[in-house]
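*Asks:* Structure in structure tokens, see below.
The values are calculated or read from the model by the stated rules, or taken from the named source; none is laboratory data. Bear in mind the structure is a predicted one, so any value in this text is a computation, not a measurement. Cβ placement follows ideal geometry from the backbone for every residue including glycine, while neighbour counts extend to all protein chains displayed.
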């Protein structure tokens, strides 16, 4: 096998992500008014933002990945791809009247955190004997003082809120710039790249340490991680119920919900099925609860869209 690890379940999981990613990409090409800029958002997120940070984390020795079908250096391409798909599908679902733009990063971040709870605990337990030794699909190397949830530092779950939220905030600003420019092609090309780099700089700034564990007032591994996990999730939850839940779609068309169905419903349900088939009973309650909350709330939101009266206007 040389330098490659071939584990059937890892290959299957990656293939599902790539197939669903291709389906969303086709949706973007067919349904987005300006698909070129959205595709650039996807590429910039994957290669200039998430993959850069993920590789940095592996080089720092925080965690590591098993080898898979397509790798961006030390990171399977499926990792940044699925992270982007979560952001994109949630933003599509939030394309409704009455949701202020400043609340969307928190709601998208909350979605990312729930998605992570259905994903990471399983990846941590998919450990196999391979040609490279006994390795996991995803392995954390926590410090002795780190507070953990099933072997994973608590701050990593808040980290998904930051990863998704920062990109959402910068990309929404970039889209506003694009609109104000009269949709100039130069701006449409520039903003995905610039916004991804800006999000990366914010992600590695001291602001992240404050949001993750209240630095400099508290330290990594302290109760600050639990406090901020609760605070970050609560803010997103409040914004969801105050703004997103009662909001009305400008134009109720089921085709608009395809990305949310594929990413926020299909993948969590698949993860839960893998959890049960794999016999990971210790984490089944956590994966099951996050799947029910995420997939269930997405399904209800889509159903409410179909039942609500439509409003005139451009989607």
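*Asks:* Step by step: first the residues of region 212-228, then only those that are touching a strand residue (DSSP E or B) at 6+ places or on another chain (Cβ under 9 Å) and at negative phi, then the one that is modelled with the lowest pLDDT. Which residue is that?
*Replies:* Restricting to residues being touching a strand residue (DSSP E or B) at 6+ places or on another chain (Cβ under 9 Å) and at negative phi, the top hit is 220.
*Asks:* Limited to region 31-56, what total is found for residues that are modelled with pLDDT under 95 and assigned to a helix (DSSP H, G or I)?
*Replies:* 1
*Asks:* Does residue 22 qualify as being part of a helix (DSSP H, G or I), free of Cβ contacts under 8 Å to residues at least 60 places away in the same chain and over 30 Å from residue 245 (Cα atoms)?
*Replies:* Spelling it out, it is not the case that residue 22 is part of a helix (DSSP H, G or I), free of Cβ contacts under 8 Å to residues at least 60 places away in the same chain and over 30 Å from residue 245 (Cα atoms).
*Asks:* Against the condition on the phi < 0 side of the Ramachandran plot, surrounded by 14 or more Cβ atoms within 10 Å (Cβ to Cβ) and touching a residue at least 40 places away in the same chain (Cβ under 8 Å), how does residue 240 come out, does it pass? Explain how you work it out, then say what you get.
*Replies:* On the way: on the phi < 0 side of the Ramachandran plot: yes; surrounded by 14 or more Cβ atoms within 10 Å (Cβ to Cβ): yes; touching a residue at least 40 places away in the same chain (Cβ under 8 Å): yes.
So residue 240 fits the description; yes.
Results for (1) in a loop (DSSP other than H, G, I, E, B); (2) closer than 30 Å to residue 144 by Cβ; (3) modelled with pLDDT under 95, shown as yes or no for each residue.
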residue	(1), (2), (3)
241	no, no, yes
251	yes, no, yes
258	no, no, yes
273	no, no, no
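*Asks:* If a residue has to be over 26 Å from residue 170 (Cα atoms) and in contact with a helix residue (DSSP H, G or I) (Cβ under 8 Å, 6 or more places away or on another chain) to count, how many in region 38-66 make the cut?
*Replies:* Number of matching residues: 4.
*Asks:* Of the residues that sit in region 291-315 and are surrounded by fewer than 11 Cβ atoms within 10 Å (Cβ to Cβ) and at negative phi, which one is modelled with the highest pLDDT?
*Replies:* 307
*Asks:* When only residues in region 68-95 that are surrounded by 20 or more Cβ atoms within 10 Å (Cβ to Cβ), touching a strand residue (DSSP E or B) at 6+ places or on another chain (Cβ under 9 Å) and in contact (Cβ under 8 Å) with a residue 60 or more places away in the chain count, which is farthest from residue 261 (Cα to Cα)?
*Replies:* 68
A quick yes/no check of all residues on (1) under 20 Å from residue 85 (Cβ atoms); (2) crowded, with 16+ Cβ neighbours inside 10 Å; (3) modelled with pLDDT of 90 or more; (4) touching a helix residue (DSSP H, G or I) at 6+ places or on another chain (Cβ under 8 Å):
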{"residue": "255", "(1), (2), (3), (4)": "yes, no, no, yes"}
{"residue": "264", "(1), (2), (3), (4)": "yes, yes, yes, yes"}
{"residue": "278", "(1), (2), (3), (4)": "no, no, yes, yes"}
{"residue": "284", "(1), (2), (3), (4)": "no, yes, yes, yes"}
{"residue": "289", "(1), (2), (3), (4)": "no, no, yes, yes"}
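*Asks:* Hey, does region 214-226 have a residue that's within 28 Å of residue 43 (Cα to Cα) and either in a helix (DSSP H, G or I) or more than 19 Å from the chain's Cα centre (by Cα) (or both)?
*Replies:* no
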